[in-house]
Every structure is written in C-alpha cells, then in structure tokens.
Amino acid sequence: MSNQTTVPKKRIFNYNGKQLEDPDPTMTPQQVLEFHTLLNAELTNSELKGPVVGSDGVESYKLEVKIGTDG
C-alpha cells in the first residue's frame, strides 16, 4: 500500500503591487480573498482575476477593486 500525499499547488495572490500570503492551500481562491478582506477593507469590493499558471506550475491570481458605474 502506498501512502502518497498530495502536495498543494503553489498560489500567489497579488494586490496593488503586493504579494499576499496563501493562508491555507485547501481554501478556495474566493475564501483566500475573504480572509484578506479582514485586514484590507478595500478588498471588500474586489474580484479575483485568474489564475494564470506559470511555467513552474504556480497559479497567480490578481485581486482587483471593482470600479462602479453610474446608471
């Protein structure tokens, strides 16, 4: 019997020129966004873009604040 463990993919979350930590690889990207909203209130009105998968297999997400429109 084999005891293989799955190694989580490395993920990067970028916001406003900063790289935010991935608190738990088992969390969905949306849960990671919600986690960071607790410390960065401006992320309350943001959305996830990505992932873009690099040649090294790292998933890169961009957090963008939504801009409202009139009308």
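Coordinate-derived values only; no laboratory data. Everything numeric here is computed off the predicted structure, so don't read it as measured data.
Gain on full extension, evaluated as 0.36 nm per residue between residue 14 and residue 39 minus their Cα-Cα distance, stands at 7.5 nm. Remark: the residue 28-residue 65 segment gains 11.4 nm on full extension, using 0.36 nm per residue and subtracting the alpha carbon distance.
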